[in-house]
Amino acid sequence: MNQVKTLTYEVKAHPDHERLRHIQLSDSMIQQFLSEIADINVERLEYVPFERFYVAEKLKEIAGDSFQQTLRQIIHDRSTGGFTIGVQGLTENTDDYIRFATAVTHLVGIPNFDSMSGKFYARFSVKHTDNSDTYLRQAYRTLELHTDGTFVDEPTDWLIMMKFIEQNAIGGESRLLHLDDWEDFAKFRSHPLASHQFKYSYADRGTKNTKDVVYHSTFYEQNNATCMRYNHQATHPQNIEQAMYLKQLQVSMENSPATLPVTLPVGQLVMLNNHFWLHGREAFEKHPELFRELMRQRGFFSQI
């Protein structure tokens with residue numbers, strides 16, 4: 001790994017996953033950024049799209065000219081394609097978290113409209129009880145590996161998840177799998193159904209607020225490398241053969257030794273290239289007062 005260190009930030013190996021990078025910002029840089037954009041409230045970010053780029057420019061100015069290039073280089077690099085970064089405990093204000101995350105994402109790309117929230121980001125919670133129609137909020141079961149944006153008709157090149165609040169939570173680590181570490185990758189990408197155009201849709205689910213029906217292959221080529229699109233809850237096989245292919249694929253990924261847990265502290269985000277990273281979540285231990293809140297943004301790359 002090429003170490004990058006400036007007066008304002010340092011790029012390190014992530015302690016939980018050798019492919020990930022962790023970007024350590026200086027405390028003074030974070031404090032200066034939060035001070036300079038304090039007058040841009042979250043409502044302003046939601047209502048005025050150019051303000052999202054304004055906070056990104058402020059972060060870039062404070063971090064230095066190489067910062068944006070560093071983020072883009074990591075997220076596009078097939079050998080890494082992911083990093084963590086955060087505010088390092090210098091604020092617990094969730095509005096600061098949204099401003100910070102929005103600055104980071106707009107240095108890399110543009111978030112898609114999130115139909116679940118009706119905004120460019122979504123906040124959602126996991127707690128002891130759940131009555132939703134998705135595994136996303138069910139705390140006491142494993143959220144299986146998947147990629148984002150499979151069931152909408154728009155590119156989803158990247159995603160971030162940022163932890164806002166966590167109380168009485170044991171477990172619940174992120175589960176990550178890089179395609180190039182999956183021992184059965186070649187087996188499933190060469191299968192006759194690897195190029196089949198599966199139906200993807202959440203139109204029958206109330207919480208997703210989308211009526212899109214799209215057709216995609218599980219594997220596809222991009223930048224001379226094989227990528228993957230997969231979501232077990234949104235894929236609609238049309239016969240037993242297709243269903244067994246999907247079932248066997250998921251069992252292989254879930255049991256792969258390359259599927260690793262990654263801890264994300266409060267106030268930190270993980271950003272992943274959605275074309276070759278799959279993500280999920282470990283189950284929590286039961287607690288009647290369990291509560292976790294996360295933010296999601298996902299979108300497409302800016303032209304470099």
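The values are calculated or read from the model by the stated rules, or taken from the named source; none is laboratory data. Note that this is a predicted model, so its numbers are computed, not measured. In this analysis, Cβ positions are derived from the backbone assuming ideal geometry, glycine residues included, and neighbour counts consider all displayed protein chains.
Applying the selection to the stretch 72-94, what residues are in contact with a helix residue (DSSP H, G or I) (Cβ under 9 Å, 6 or more places away or on another chain) and closer than 20 Å to Thr263 by Cα?
Scanning the stretch 72-94 gives Ile75, Thr80, Gly81, Gly82, Phe83, Ile85, Gly86, Val87, Gln88, Leu90, Thr91, Thr94.
Out of all the residues in the stretch 132-139, is one or more modelled with pLDDT of 90 or more and aromatic (Phe, Trp, Tyr)?
No - not one qualifying residue is present in the stretch 132-139.
Can you tell me which of Ser201, Ser190 is small (Gly, Ala, Ser) and surrounded by fewer than 18 Cβ atoms within 10 Å (Cβ to Cβ)?
After applying the criteria, what remains is Ser190.
Among the residues of the stretch 230-246, is there at least one that is over 30 Å from Ile23 (Cα atoms), under 18 Å from the mean Cα position of the chain (by Cα) and among the polar types (S, T, N, Q)?
yes
Considering only the stretch 243-261, I want to know if a residue exists there that is in a strand (DSSP E or B), among the acidic types (Asp, Glu) and at pLDDT 95 or above.
Within the stretch 243-261, the subset in a strand (DSSP E or B) is 260-261.
The next check asks that each one be among the acidic types (Asp, Glu); those that pass are none.
The answer is no; no qualifying residue exists.
Hey, can you tell me all the residues within the stretch 161-176 that are within 12 Å of the chain's Cα centre (by Cα) and of a type in the set (A, V, I, L, M, F, W, C)?
Within the stretch 161-176, Met161, Met162, Leu176 meet the criteria.
Among the numbered criteria (1) in a helix (DSSP H, G or I); (2) crowded, with 17+ Cβ neighbours inside 10 Å, which one does Arg78 miss?
Result: Arg78 passes all but (1).
Filter the stretch 24-60 down to the residues that are in a loop (DSSP other than H, G, I, E, B), surrounded by 14 or more Cβ atoms within 10 Å (Cβ to Cβ) and aliphatic (A, V, I, L, M) and list them by number. Break it down into steps so the answer makes sense when it comes.
At the first step, the residues of the stretch 24-60 found to be in a loop (DSSP other than H, G, I, E, B) are 26, 37-41, 48.
Now restrict to residues that are surrounded by 14 or more Cβ atoms within 10 Å (Cβ to Cβ): 26, 37, 40-41.
Of everything in the stretch 24-60, those that are in a loop (DSSP other than H, G, I, E, B), surrounded by 14 or more Cβ atoms within 10 Å (Cβ to Cβ) and aliphatic (A, V, I, L, M) turn out to be Ile37, Ile40.
Filter the stretch 192-207 down to the residues that are more than 30 Å from Asp180 (Cβ to Cβ) and out of contact with any strand residue (DSSP E or B) (no Cβ under 7 Å at 6 or more places or on another chain), then identify the one that is modelled with the highest pLDDT. If you could, list the steps in order and put the result at the bottom.
Taking the stretch 192-207 and keeping what is more than 30 Å from Asp180 (Cβ to Cβ), we get 203-207.
Filter once more, keeping what is out of contact with any strand residue (DSSP E or B) (no Cβ under 7 Å at 6 or more places or on another chain): 204-207.
Details: Asp204: 66, Arg205: 58, Gly206: 52, Thr207: 50.
Per the stated criteria, the residue is Asp204.
Hey, among the residues in the stretch 141-173 that are of a type in the set (S, T, N, Q) and out of contact with any helix residue (DSSP H, G or I) (no Cβ under 8 Å at 6 or more places or on another chain), which one's nearest to His106 (Cα to Cα)?
Residue satisfying both the conditions and the ranking: Thr156.
Can you tell me which residue is farthest from Phe113 (Cα to Cα) among those in the stretch 262-301 that are over 15 Å from the mean Cα position of the chain (by Cα) and assigned to a strand (DSSP E or B)?
The extreme case among them is Phe284.
Among the residues of the stretch 206-245, write down those that are without any contact (Cβ under 8 Å) to a residue 40 or more places away in the chain and crowded, with 17+ Cβ neighbours inside 10 Å.
Thr218, Phe219
Within the stretch 115-145, count every residue that is surrounded by fewer than 21 Cβ atoms within 10 Å (Cβ to Cβ) and within 19 Å of His275 (Cβ to Cβ).
The number of residues fulfilling the criteria is 1.
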